[in-house]
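Take a look at the structure below.
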Amino acid sequence: MTIFRSLRGGLLLESSRTVAACALLGLLAAPLAAHAADSVEQSFVPSGNVHVLARFHDAQPSGIVHLVDGRFVLSFPTSAQTHPGPVLAVWKGGSELQPFPDAAAQKELKSPLGMTVDALGRVWVIDEGVVAGQTEPQTPAIILIDPRTNSIIRRFALTSPVVLPDSHINDIRVDLTHGKNGTAFISDTSQTTHPALIVLDIASGQARRILAEDQSVSAAAGHVMEVDGKLFRYNPDHPQMPQGGVNGIGLSVDSSRLFWSPFSSRRLYSAPTAVLSDPVISESGLSQAVRDEGEVGVVDGIFTASDGSLYMADEERHGVIRRSPDGTLSLVAHDPRLISPDSLASGEASNQPVNSLIMTVGQWARLPVFHDGHDMQQRPYLIVRIDLKNR
């Protein structure tokens, strides 16, 4: 050990211990005192514009839409875990819910997931057609609801060969400018390795599967993602995190272009809706029409603002990305409470400038299926508001 000596050269054993202890304390105290002033990587600091609006202890919200009349509707899927209460509901603030379109309709719904509102104000809902523990084949469908009468007005069943046994029907956008009564675009993320887009002609009710397993809808080989501070690699044989192909989809303001992103990827793609909705165009022609819009992030929900910006829930950054019409990217929110940012809706009335976003926050990566049967979720589940002013 180091020997401390007096000025006279004598050994001062006890003094040396005291001095050594003081020196050690000084070494330990200095970094602690200076820690508050240390510079840190800014993404670890919450952006400060995320505000919790609601907490749900029993059911995990996923889809969200803002109706023309001002109401917000939430979906509470049951394909991964069942729960009490409505599966589709008007959110009245806090944790107060009202069954939508009404209480009786809940019996007609199994697992509502992705939703959208079309240009006529109607609500389109993905129903996965399966509940947790179900052994019968799934029966996915698209549900059309008129919010003015609070009633289901049409149901479009999705059957083979449009959907496969391993399909995972996820999200939907509706273009009323192509086809006699419009066209719906649906993402099939796939539970394994067979993702695709599904195109539904609204007038005839006929659906077809396009871009099946195309690179633009598929998981990126070797994709690695951060989940709860850990890294996991895409593995279709033994998933350890939510993964798969095309998930979030978005429509341009004028409905001329569809945007989408595979979940196990960081890229955004798009194609003209005129091409995607045309049943005559070959698969090779469809693939050639797809444009790689570049890297964005690990995207879930996509919301299109009235100025043409795309707001995308970014799972890995635990935040929201804005892609401006010229392709510029910015991170408009990030917060450790955004465990699995999911679906987005405008906080403002229809066709108004977007000054805030309302977003559901999931904990899908903590489900038992990814943790050898252990439930790692930490209730409650959240709905948040993200303020966009000066962002």
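The values are calculated or read from the model by the stated rules, or taken from the named source; none is laboratory data. Computed from a prediction, not measured in an experiment: that's the story for all the values here. Every residue, glycine among them, receives a Cβ derived from its backbone with ideal geometry; neighbour counts consider all protein chains shown.
Do we find that Val90 is touching a strand residue (DSSP E or B) at 6+ places or on another chain (Cβ under 7 Å), assigned to a strand (DSSP E or B) and touching a residue at least 24 places away in the same chain (Cβ under 8 Å) in this structure?
Values: touching a strand residue (DSSP E or B) at 6+ places or on another chain (Cβ under 7 Å): yes; assigned to a strand (DSSP E or B): yes; touching a residue at least 24 places away in the same chain (Cβ under 8 Å): no.
No; evaluated as a whole, the condition is false for this residue.
The strands (runs of 3 or more DSSP E) located wholly in segment 299-391 that include 1 or more residues which are over 19 Å from Gly250 (Cβ atoms), at pLDDT 95 or above and under 19 Å from the mean Cα position of the chain (by Cα) occupy 329-334, 356-362, 381-387. Is it the case that some residue within segment 342-362 is crowded, with 22+ Cβ neighbours inside 10 Å, β-branched (Val, Ile, Thr), closer than 16 Å to Pro77 by Cα and out of contact with any helix residue (DSSP H, G or I) (no Cβ under 6 Å at 6 or more places or on another chain)? Within segment 342-362, one or more residues are crowded, with 22+ Cβ neighbours inside 10 Å, β-branched (Val, Ile, Thr), closer than 16 Å to Pro77 by Cα and out of contact with any helix residue (DSSP H, G or I) (no Cβ under 6 Å at 6 or more places or on another chain). Screening Gly85 with (1) at pLDDT below 95; (2) surrounded by 15 or more Cβ atoms within 10 Å (Cβ to Cβ); (3) more than 21 Å from the chain's Cα centre (by Cα) gives one miss only, at (2). In the condition set (1) in a helix (DSSP H, G or I); (2) in contact with a Pro (Cβ under 6 Å, 6 or more places away or on another chain), Leu74 is compliant with all but (1).
Only one of Ala207, Ala219, Ala184 is of a type in the set (A, V, I, L, M) and in contact with a Ser or Thr (Cβ under 7 Å, 6 or more places away or on another chain); which?
Details: Ala207 fails: in contact with a Ser or Thr (Cβ under 7 Å, 6 or more places away or on another chain); Ala184 fails: in contact with a Ser or Thr (Cβ under 7 Å, 6 or more places away or on another chain).
Of Ala207, Ala219, Ala184, the one residue that is of a type in the set (A, V, I, L, M) and in contact with a Ser or Thr (Cβ under 7 Å, 6 or more places away or on another chain) is Ala219.
Restricting Leu258, Leu231, Leu200 to residues that are in the same structural domain as Phe370 (by TED's automatic domain parsing), surrounded by 22 or more Cβ atoms within 10 Å (Cβ to Cβ), closer than 25 Å to Trp364 by Cβ and at pLDDT 95 or above narrows the list to Leu258.
Of everything listed in (1) loosely packed, with under 14 Cβ neighbours inside 10 Å; (2) touching a residue at least 12 places away in the same chain (Cβ under 8 Å), the single unmet condition for Gly250 is (1). Residues in segment 178-225 that are under 20 Å from Met115 (Cβ atoms) and β-branched (Val, Ile, Thr): Thr183, Ile186, Thr189, Ile198, Val199, Ile202. Looking at Ala305, Ala289, Ala313, Ala274, just one residue is in the same structural domain as Ala220 (by TED's automatic domain parsing), surrounded by 24 or more Cβ atoms within 10 Å (Cβ to Cβ) and hydrophobic (A, V, I, L, M, F, W, C), and that residue is Ala313. With the requirement that a residue be part of a loop (DSSP other than H, G, I, E, B) and out of contact with any helix residue (DSSP H, G or I) (no Cβ under 9 Å at 6 or more places or on another chain), what does segment 57-71 give you? Result: His57, Asp58, Ala59, Pro61, Gly63, Leu67, Val68, Asp69, Gly70, Arg71. The residues on offer are Asp146, Asp127, Asp166, and the sole one that is in contact with a His (Cβ under 8 Å, 6 or more places away or on another chain) and touching a residue at least 12 places away in the same chain (Cβ under 8 Å) is Asp166. Against the definition (outside any strand (DSSP E or B) and in contact with a His (Cβ under 8 Å, 6 or more places away or on another chain)), how does Ser47 come out, yes or no? Yes, satisfied.
Of everything in segment 214-247, what is closer than 16 Å to Thr192 by Cα and within 15 Å of the chain's Cα centre (by Cα)? Give them in sequence order. If the condition is that a residue be closer than 16 Å to Thr192 by Cα and within 15 Å of the chain's Cα centre (by Cα), then Met241, Pro242, Gln243, Gly244, Gly245, Val246, Asn247 are the ones that fit.
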